[in-house]
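A short write-up of the structure that comes next.
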Amino acid sequence: MKPLNRTLLELAPKGRQLNLFRKPRWNEALIQGFLFLCGLFSILTTLGIVYELGKEAWLFFGSGQVSLVEFLTYPRWQPQADEFGILPLLNATLMTTTIAMAIALPLGLCVAIYLSEYASLRARNIIKPVLEILAGIPTIVYGYFALTFMTPMLRAIFGADVVEIYNTASAGLVMGILILPLISSMSEDALNAVPRSLREGAYALGATRLEVAVRIVVPAAISGIAAAIIIGVSRAIGETMIVAIAAGAGPNLTLNPFKAAETMTGHIVRISGGDLSYDSIDYNSIFAIGLFLFFITLILNILSQYVVRRFREVVE
């Protein structure tokens, strides 16, 4: 067999020397540089956010009035009395998130399984746009929907003396509707990514469509489903307008979902809209809460990446 270089030289036109060096592709270089700048911009933006939050939070903790241990463990948040314990705000945030995921997770997964394994093309063309419409509705509209529709419905069912006008239950239920399209869309993508050969092999062994969906497809797509769940939790924790309108406007350490309680994001909205002097401890507490929210989201993202890698290795 002739060497490759010699063969190429023989095929080259006579009188012309064949250039075997790589030719510069300026278009690809420009596109690569643009994508690099986009990635660099996102990284710098994240670092800028962390810097600003950390700088203002340092003024909060560096004042000497509040320690980190007190901030994380004290059960009352009363800035007027110099009591800055984040537990009431964290408790309300976790309550609304739990209620939201209790609605969004089973419904979203069922919708994803139906669209992936059962739905006809016509049904998909109807359901998918509806889910996209739900995802595109402004969250402030969801907030007033929770206050004017969900709360009266809960008060009619459980009693007006049991359910307060502002409560975490109505906010959590409507947040579940908000997160439903996110869970269903990501889960459906994960289910559709499962190789068709797994389904055909199960059908060949006599499995029913339900058995294939539940015992074959869902376990094979567990990495994508787990990532969808964690991202849904992050979305629920960071939701602002629904809880600011429907959950309540005062910190309250309670496990009763029918009582008013203020979440971390709701508190940031209420305090930032008030008349606070710059560099006061009340003003700096907003950034401490924001930094705490940032670390929660960061931990959830790291957990999501770990879960995806872990279960993907198991499936492979």
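One table, with the values for the structure above:
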quantity	calculated
Amide hydrogen neighbours beyond the local backbone of Gln78, cut-off 5 Å, H modeled	Glu83, Phe84, Gly85
Computed over the chain: relative contact order in percent, which uses C-alpha pairs under 8 Å that are six or more apart	24
Relative frequency of Cα-Cα separations exceeding 25 Å in the range 33-138, percent	59
Degrees separating the helix 121-136 axis from the principal Cα axis of the chain, which is the longest one	50
Kirkwood-type radius of the range 197-303, with distances r between different C-alpha atoms, in Å	17.3
The range 191-231: translational diffusion in µm²/s, Stokes-Einstein, Kirkwood Rh over Cα pairs, 4 °C, 1.567 mPa s	123
Mean separation of Cα contacts under 8 Å (6+ apart) over length of the range 95-193, as relative contact order %	56
Rounded to 10°, Cα long-axis angle of helix 281-315 versus longest principal axis of the chain	40
Two-site label geometry, Arg309 and Phe34: point separation in nm, points 7 Å out along Cα→Cβ	3.2
Distance between the range 59-97 and the range 172-249 - C-alpha centres, whole angstrom	34
Added length on full extension, which subtracts the Cα-Cα distance from 0.36 nm per residue, Asn192 to Ile302	37.1 nm
Calculated FRET value between Ala207 and Ser120, using beta carbons and R₀ = 30 Å, to 0.05	0.90
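Just so you know, all these numbers are worked out from the coordinates, no wet-lab data involved. If you're wondering where the values come from, they're calculated on a predicted model, not measured in any experiment. Ideal geometry is used to build each Cβ from the backbone, glycine not excepted, and the neighbour counts take in all protein chains shown.
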